[in-house]
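Okay, so here's the structure we're looking at.
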Amino acid sequence: MPEDTPSTPRIEIEAPPETYEAFVRLFVAHEGRLRGFLRSLLPDWDDVDEVMQETSIVAWRKFDQFDRGTNFMAWSAAIARFESLKHLRRMSRDRLVFNDEILDLLAEESLEETDTLEAHRLALCKCLEKLDPRQKELLHLAYQPGVKFHEVAEKAGKSAQAFYKTIQRLRASLLECAEKHMRKEAHA
Amino acid sequence: MNQSRTDFLIAGWLNQSLSKEEFAELELVLRSEPDVRKKLRWEVNLDSLLREQASVAASLNAWQPEGGTSQSRHATKRRVAAWVPWAAAAALAVLGIAAFALMNRGNSGSQGGLVLQGDSIGPALASATEETDRGCAIITNQWNTEWLDNPPPMRAGDTLNAGRFELGCGLAQIEFFSGAQLLLEGPAVLEIVSPWEAICTDGKARVRVPPPAQGFRLLTPGMKLVDLGTEFGVHVDSAKGEGEVHVFEGEVEAHPETGKMVSLTEGMGLKRMGALYSPMDAAPADFASIDDLKDLAGKMARLRYDEWSTWSQQTKSDPRLVACYLFRHWQDWDRLVNNAAGNDKSRNGGAVGARWTQGRWPMKDALEFKRPGDRVRMKLDGEYEALTFACWVKVDGLDRRYNALLLTDGYETGEPHWQILEDGRMMFSIAYPDDGNSEKKVNQIYYSPVVFTKSKLGRWHQLVVTYDNCSGEAVQFVDGREVSREISPLYQPGRKIVYGACEMGNWGLPTKEHQFPVRNLNGCLDEFLIYSVALDPAAIRQMFEIGKPQ
């Protein structure tokens with residue numbers, strides 16, 4: 001069978017329930033970070049969804065090889081990285097895909113930075129809470145599932161431009177706020 | 001690059017609104033700027049969080065009972081409704097763009113152009129625009145030729161389109177795509193009309209026509225010759241208004257401008273003087289033959305080879321050489337790629353997979369790399385201040401994203417990599433640790449402009465790169481000419497260059513966790529010199545002049 005053919009999911013049901021529970025707990029706890037990690041390698045969120053699926057299946061299948069005392073993020077990210085490379089090779093090449101050298105750099109650095117990225121995420125959450133309801137609503141609108149932001153923003157003429165700019169400004173202020181937050185925590 | 005530009009590129013990448021050019025620009029900064037990579041990760045972090053929250057908000061809304069009184073939910077619904085037509089229109093617009101792109105692909109295909117954009121020419125695009133060629137014939141061999149009115153190089157292997165070719169002197173063997181073979185003896189003028197037709201307006205030509213090319217027409221002033229599967233010669237002197245046809249074998253139909261068609265068989269000839277045609281005997285000895293050309297070309301190659309051989313004998317004792325691979329096939333140990341510099345056996349290379357073949361001259365060996373496993377492994381000890389890689393390579397295709405010339409096994413501190421990119425650019429790079437963080441690597445990369453075009457494939461070229469750790473400057477050369485000169489912004493003085501285990505033509509033993517990217521060279525190597533200094537352009541030019549095949 002060619003390497004690129006997606007494998008049929010075969011979930012072993014013989015595993016004891018506690019193993020399954022341990023896996024689900026770990027996987028769910030790291031899902032957000034894994035998704036972010038994958039998004040830095042893949043062209044869009046739909047690709048992330050696909051690769052996440054494969055990753056979860058492979059990770060479950062190999063879960064007995066995982067040493068519980070070690071870092072689940074590093075372990076599952078190694079799987080996710082391999083699955084994303086497989087995915088990138090499979091998909092049509094005229095999409096905008098980073099070359100191998102950049103993929104390697106991004107993946108390596110993401111793993112090195114796992115903890116920083118998690119702290120960044122927490123800081124972002126806090127900053128999001130500080131936004132007023134109208135701003136939150138705008139963000140929800142822009143990032144609601146199934147809608148491609150640029151498609152919406154592009155077509156709408158002037159008001160889309162304005163919408164786009166508002167979102168970009170909000171993003172910038174959130175990133176800035178998170179950075180400040182992290183600096184403060186580092187010095188505390 | 002300024003902050004707002006990188007912000008724009010990253011935002012565009014997240015929105016999938018980047019053009020191919022912009023994406024290439026983003027790749028370029030990502031490759032060289034760790035801060036931009038960090039910025040990208042943080043933006044992704046934010047993006048993923050916003051998406052998560054929006055999807056949670058959406059599902060919460062869905063759970064609210066019908067007729068709920070939440071002000072914000074109503075507001076959201078209204079806004080969503082207002083956006084829906086835009087989304088639909090946008091989707092249509094996207095379809096329109098796709099259709100337009102498809103039409104464009106069709107057009108560029110019919111014009112015969114294959115446009116390389118940045119790094120990414122996908123197989124999908126390539127198959128949609130199958131490359132076309134207007135060629136009619138190929139120059140397969142030549143000796144001492146001087147082509148007039150044609151831009152150099154006119155070399156063996158060149159495809160000839162329809163058009164006029166003036167040969168000042170020498171012999172050129174031209175093979176038409178129909179199968180007809182023509183030997184042109186300078187001075188001569190030949191006009192190629194199609195794979196089936198040519199006009200010799202001046203000089204001597206000898207034509208040999210195998211059965212599948214029967215019907216090949218050679219026109220001379222005042223006479224059309226249709227070949228019926230044979231060998232014949234023409235001699236045209238346009239100044240005197242004279243022409244001759246000599247049939248050496250088989251049969252030729254001669255159609256004089258005035259008068260009836262004449263059938264000429266072996267030993268017969270026809271001479272034209274102005275409007276007068278008269279029979280004559282064929283004189284094969286007056287025409288050079290393919291064998292003559294072979295002999296002459298062979299002698300020329302011998303001379304070139306001897307000159308190079310003398311040079312290489314002297315050069316291999318140059319103390320500045322780290323290694324000198326001349327690619328001599330040793331019968332007793334077929335896999336040995338001998339290091340001729342300083343008789344240092346520890347730097348001998350070992351061929352894996354690669355097969356021995358003919359090099360730049362018939363008397364010179366080369367190694368051919370074809371399969372993903374083919375390579376030459378070696379181990380080079382020591383630390384260096386500078387380097388020059390100089391090789392003779394025949395590239396048959398740029399099949400991989402990276403096509404290896406010389407790569408160290410890992411890509412550790414101070415280790416250089418030298419490759420040709422899929423799009424025809426040369427790429428030299430060297431890795432060093434980041435000052436702030438010894439775990440991180442800084443990748444000093446140097447790209448040349450596109451130098452490998454279709455016309456450069458399948459023939460021997462000299463490639464050279466020099467790098468100096470006192471200046472951080474890398475200079476790249478193709479056929480003795482400088483093609484790029486650059487100092488990396490990431491350069492810092494005093495960093496050593498090291499090699500360790502490395503290989504030519506592949507990258508086979510990457511570090512742990514790598515996915516074994518396939519980077520094998522599709523082509524041949526017949527000389528590879530590694531110096532501990534950056535040679536100056538004059539020395540490189542001289543190496544090219546001595547090493548060039550013709």
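The values are calculated or read from the model by the stated rules, or taken from the named source; none is laboratory data. Source: prediction; values computed, not measured. Backbone-built Cβ (ideal geometry, glycine too); neighbour counts: all protein chains shown. For the accessible areas, the whole protein counts, side chains as well, though only heavy atoms, and no ligand, DNA or RNA atoms are used. Shrake-Rupley method; radii C 1.70, N 1.55, O 1.52, S 1.80 Å.
In this label model, B:Arg371 and B:Glu383 are separated by 4.1 nm, measuring between points 7 Å along each Cα→Cβ vector. Between region B:133-211 and region B:408-446, what is the C-alpha centre distance in whole Å? So the two Cα centres are separated by 46 Å. Under the convention that each Lys and Arg Cβ holds +1 and each Asp and Glu Cβ holds -1, the size of the dipole of region B:408-545 around its Cα centre is about 280 debye.
Once backbone amide H atoms are built at 1.01 Å from N, B:Gly349 has B:Val337, B:Asn338, B:Asn339 as its partners under 5 Å, excluding neighbours fewer than 5 places away on the same chain. The heavy atoms of A:Lys130 present about 140 square angstrom of accessible area, all protein chains included, probe 1.4 Å.
Using Cβ point charges alone (K and R +1, D and E -1), the dipole size of region B:135-288 about the Cα centre works out to roughly 180 debye.
Computed from phi, the 3J(HN,Hα) profile of region B:447-457 under the Karplus parametrisation 6.51, -1.76, 1.60 (θ = phi - 60°) reads 10, 8, x, 5, 10, 9, 9, 3, 5, 8, 6 Hz, with x in place of Gly and Pro. Distance between the modelled labels on B:Thr357 and B:Leu490, one decimal in nanometres: 3.4 nm (7 Å Cα→Cβ projection). Mean per-residue shielding of peptide A:172-181 is 2, counting Cβ atoms of other chains within 10 Å of each Cβ. Averaging 1/r across all pairs of distinct Cα atoms in region B:301-547 and inverting the result yields a Kirkwood radius of 18.0 Å. Straight-distance candidates among the lysines for linking to B:Lys38, with alpha-carbon spacing under 23 Å and chain neighbours fewer than 8 residues away dropped: A:Lys126, A:Lys165, A:Lys180, A:Lys184, B:Lys20, B:Lys440, B:Lys441.
The Cβ shell under 13 Å around B:Glu486 holds other residues with a net charge of -1, Lys and Arg each +1, Asp and Glu each -1. Averaged over the residues of A:131-144, the number of partner chain Cβ atoms lying within 10 Å of the residue Cβ comes to 5.
Projected onto its three principal axes, the C-alpha set of region B:126-281 covers 55, 31, 24 Å, listed from the longest axis down.
The accessible-area ordering, largest first, of the residues B:Arg481, B:Arg519 stands as B:Arg481, B:Arg519, per a 1.4 angstrom probe. Taking Cα centre as origin and charging only the Cβ of basic (Lys, Arg, +1) and acidic (Asp, Glu, -1) residues, the dipole magnitude of region A:11-82 rounds to 340 debye. Local charge for B:Met280 was computed over the other residues whose Cβ lies under 11 Å away, with Lys and Arg +1 and Asp and Glu -1, and equals 0. Taking region B:23-57 and a reference point 7 angstrom along Cα→Cβ of A:Lys180, the backbone N atoms nearer than 19 Å belong to B:43, B:46.
Taking all protein chains together and rolling a 1.4 Å probe, B:Trp311 ends up with roughly 30 Å² accessible.
Estimated from the Cβ-Cβ distance and a Förster radius of 30 angstrom, the FRET efficiency linking B:Leu228 and B:Lys456 is about 0.15. Post the alpha-carbon centroid distance, region B:18-34 to region B:524-550, in whole angstrom. Taking the Cα centre of region B:524-550 as reference, the centre of region B:18-34 is 34 Å away. Local charge for B:Asp399 was computed over the other residues whose Cβ lies under 12 Å away, with Lys and Arg +1 and Asp and Glu -1, and equals +3.
So what is the relative contact order of region B:324-433, in percent, for Cα pairs below 8 Å that sit 6 or more residues apart?
Values: 166 pairs, mean separation 16.9, N = 110.
With pairs under 8 Å counted, the relative contact order is 15 percent.
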